[in-house]
Amino acid sequence: MNIQTFPTNPKAIRDLIRNGEVDKSTAGMAPGYVQANLVIVHKDLAFEFLLFCNRNPKPCPVLEVTEVGSYEPVILAPGSDLRYDIPKYRVYRHGELEAEVTDIAEYWTSDMVAFLTGCSFGFETALIRAGIPLRHIETETTVPMFITNIPTNSAGSFSGPMVVSMRPIKKDQVVRSVQVTSRFPSVHGAPVQIGNPKEIGIEDINKPDLGEPIEVKSDEVPVFWACGVTPQAVAMNSKPDLMITHAPGYMFITDAIDEEYSVL
């Protein structure tokens with residue numbers, strides 16, 4: 001199904017996902033609605049992960065935390081089911097990627113806590129409305145992501161490097177892109193680096209750690225935003241018994257309006 005033919009209503013898209021009819025990145029879907037990253041841990045690690053998010057609001061801005069054992073985010077998408085309503089999930093055990101699956105029903109237990117955190121897809125509608133094109137949406141590919149040398153602030157057993165997402169921005173639109181995204185601190189806010197990937201440990205801009213490569217043209221510069229995939233790098237570094245996440249680029253589409261998370 002081409003993205004132009006998708007419904008724009010979040011619940012309708014979640015229904016397609018639950019029925020197995022969506023198998024691609026959710027970038028560009030439900031424009032104007034907040035998309036969220038997912039992290040699920042057992043209750044005994046939930047406070048430590050919440051503290052980690054509190055200490056690292058740039059890559060991990062918390063939007064909602066579910067009750068213990070509940071897979072329904074009652075604030076952001078009442079009636080939804082986090083076990084089924086994301087196109088692709090990742091399951092990490094002891095820091096190793098065990099599986100990529102299209103639902104997590106078999107992994108869900110009654111002591112799990114789910115975290116939904118802000119995703120940079122949430123400010124993309126605002127960038128497009130400001131006349132700033134986004135190539136990964138135009139080409140229907142997954143935004144490139146890189147594991148950086150920027151350390152996060154550790155909390156309990158959780159520590160590791162920050163992950164960033166990259167978008168090529170025309171040189172004369174960089175300032176505007178900073179202005180637009182600064183309005184959305186709940187979905188990563190302003191960039192963390194502009195134009196110098198080696199400064200944050202990225203040796204080859206054409207070889208992302210996650211997602212797909214995107215050309216940076218001669219009239220563009222690479223702009224890097226903190227990314228909600230950071231917990232996956234943290235899982236690989238910290239090696240919790242179990243962490244379930246979304247697959248990079250395959251987000252949870254909420255009923256929340258992105259402009260409601262603007263601060264200006």
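The figures follow:
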{"quantity": "Checking Glu215 against (1) at pLDDT 95 or above; (2) assigned to a loop (DSSP other than H, G, I, E, B); (3) among the acidic types (Asp, Glu), the condition it does not meet", "calculated": "(1)"}
{"quantity": "Checking Arg90 against (1) assigned to a loop (DSSP other than H, G, I, E, B); (2) within 19 Å of Glu21 (Cα to Cα), the condition it does not meet", "calculated": "(1)"}
{"quantity": "Search result, residues across the stretch 103-133 that are under 26 Å from Val39 (Cα atoms) and part of a loop (DSSP other than H, G, I, E, B)", "calculated": "Asp103, Ile104, Ala105, Glu106, Tyr107, Trp108, Thr109, Ser110, Asp111, Cys119, Ser120"}
{"quantity": "Qualifying residues in the stretch 1-32 (those that are under 23 Å from Ile244 (Cβ atoms) and hydroxyl-bearing (Ser, Thr, Tyr)) - the one modelled with the highest pLDDT", "calculated": "Thr26"}
{"quantity": "Condition met for Ile40 (in a loop (DSSP other than H, G, I, E, B), in contact with a Leu (Cβ under 8 Å, 6 or more places away or on another chain) and touching a residue at least 40 places away in the same chain (Cβ under 8 Å))", "calculated": "no"}
{"quantity": "Count of the stretch 61-73 residues which are modelled with pLDDT of 95 or more, within 29 Å of Thr125 (Cα to Cα) and not acidic (Asp, Glu)", "calculated": "6"}
{"quantity": "Tally, over the stretch 194-212, of residues that are in a strand (DSSP E or B) and closer than 22 Å to Val178 by Cβ", "calculated": "1"}
{"quantity": "Scope the stretch 162-177; condition part of a helix (DSSP H, G or I) and among the basic types (Lys, Arg); matching residues", "calculated": "Lys171, Arg176"}
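Yes or no, residue by residue, for (1) at pLDDT 95 or above; (2) surrounded by fewer than 20 Cβ atoms within 10 Å (Cβ to Cβ):
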position	(1), (2)
Ile104	yes, no
Thr109	yes, yes
Leu116	yes, no
Pro133	no, yes
Ser157	yes, yes
His188	no, no
Val192	yes, yes
Asp204	yes, yes
Pro208	yes, no
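The values are calculated or read from the model by the stated rules, or taken from the named source; none is laboratory data. These numbers were taken from a predicted model, which means no experiment stands behind them. A quick note on method: Cβ atoms are made from the backbone with ideal geometry, for glycine too, and the neighbour counts reach across all protein chains shown.
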